[in-house]
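What follows is a set of notes on a single structure, which appears directly below.
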Amino acid sequence: MRESAIQIVIPTYNERENIARLIAEVRARHPEAGIVVVDDDSPDGTAEVVETMTAGDSRLHVLRRRGRRSFARSVMEGMLWALAREPQFVIQMDADLSHHPQYIGDLLGAAREADLVIGSRYVGGRVNVVNWPLSRLLLSVFANAYVRAITRLPVFDTTSGFRCWRAEALRAIDLPSIRSEGYSFQVETLYRAHRLGHRIIEVPIIFAERNAGTSKMSARIILESTIRPWMLVLGRSAPKSRG
């Protein structure tokens with residue numbers, strides 16, 4: 001597999017303490033991959049850290065967003081930027097090292113047989129999460145059960161942000177028309193892929209809670225995540241199936 005065919009999208013907001021280490025870990029394993037960091041106007045200087053690193057890495061890029069912050073818009077802009085480079089695969093991952101780069105190879109390997117591969121915390125009904133408080137774990141498990149019950153998605157981890165897309169599958173879901181703003185982006189893109197008949201595979205990962213920085217979870221994010229699955233099902237917010 002040609003590493004130059006891989007683009008890795010990393011959304012950031014106040015990840016100065018983590019981003020340099022993450023990029024180094026990715027580079028150690030995938031030196032030819034393209035990396036685009038999409039920074040959501042972080043006040044802590046995250047973008048500046050990445051810009052300094054680009055001087056010695058021609059395949060590392062940073063996009064700086066302005067205006068209203070949005071996790072979904074950050075990921076979307078990064079994905080569209082990546083697709084414009086005509087890759088074979090586009091990988092999405094978090095910046096806080098919860099998604100360890102050691103699993104990128106597993107995702108890429110599974111992508112030979114799939115349109116979308118999910119790095120799953122709950123595949124097979126198992127829980128592979130480290131250092132989460134019980135309240136956070138229960139919230140995540142309940143959220144995934146809630147989404148599956150409403151959408152009938154055949155996936156254990158519907159909210160995982162560690163994914164590998166075939167480029168043609170990612171183009172097919174029509175990113176510019178995505179309506180989500182927060183982490184429900186994960187559910188909406190997955191729902192669209194499923195409705196299009198894309199083959200979706202989950203591979204197990206161990207998800208470790210961040211050691212530095214703070215979580216971006218908020219009441220607004222939780223509210224949108226509660227409402228969005230119903231909007232998807234009732235509004236059929238997705239391209240029509242290929243079948």
One residue is enough: does the range 94-108 have a residue meeting the conditions farther than 23 Å from R166 by Cβ, of a type in the set (S, T, N, Q) and out of contact with any Gly (no Cβ under 6 Å at 6 or more places or on another chain)? yes
If I go through the range 111-139 residue by residue, how many of them are among the small types (G, A, S), surrounded by fewer than 19 Cβ atoms within 10 Å (Cβ to Cβ) and within 16 Å of S160 (Cα to Cα)? 2
Filter the range 5-27 down to residues that are under 24 Å from L108 (Cβ atoms) and touching a residue at least 40 places away in the same chain (Cβ under 8 Å), then give me how many there are. 15
From the list V141, V117, V75, which one is at negative phi and outside any helix (DSSP H, G or I)? V117
Anything in the range 187-203 that is closer than 22 Å to G109 by Cβ and either touching a strand residue (DSSP E or B) at 6+ places or on another chain (Cβ under 6 Å) or buried (at least 17 other Cβ atoms within 10 Å of the Cβ) (or both)? List them, or say none. T189, L190, A193, H194, H198, I200, I201, E202, V203
Based on what the data block shows, is A24 over 14 Å from the mean Cα position of the chain (by Cα), at pLDDT 95 or above and exposed (fewer than 15 other Cβ atoms within 10 Å of the Cβ)? yes
Testing L108 on (1) touching a strand residue (DSSP E or B) at 6+ places or on another chain (Cβ under 8 Å); (2) outside any helix (DSSP H, G or I), one condition comes back false. Which one is that? (2)
How many residues of the range 183-221 are under 16 Å from D157 (Cα atoms) and either of a type outside the set (K, R) or at pLDDT below 95 (or both)? The answer is 20
Pick from the range 61-96, criterion over 12 Å from I8 (Cα atoms) and touching a strand residue (DSSP E or B) at 6+ places or on another chain (Cβ under 7 Å), ranking: modelled with the lowest pLDDT: F71
With the first residue restricted to the range 49-68 and required to be free of Cβ contacts under 8 Å to residues at least 12 places away in the same chain and in a loop (DSSP other than H, G, I, E, B), and the second required to be surrounded by 10 or more Cβ atoms within 10 Å (Cβ to Cβ) and among the acidic types (D, E), Cβ contacts under 9 Å at 6 or more apart or on different chains are R68/E181
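The values are calculated or read from the model by the stated rules, or taken from the named source; none is laboratory data. Note that this is a predicted model, so its numbers are computed, not measured. Backbone-built Cβ (ideal geometry, glycine too); neighbour counts: all protein chains shown.
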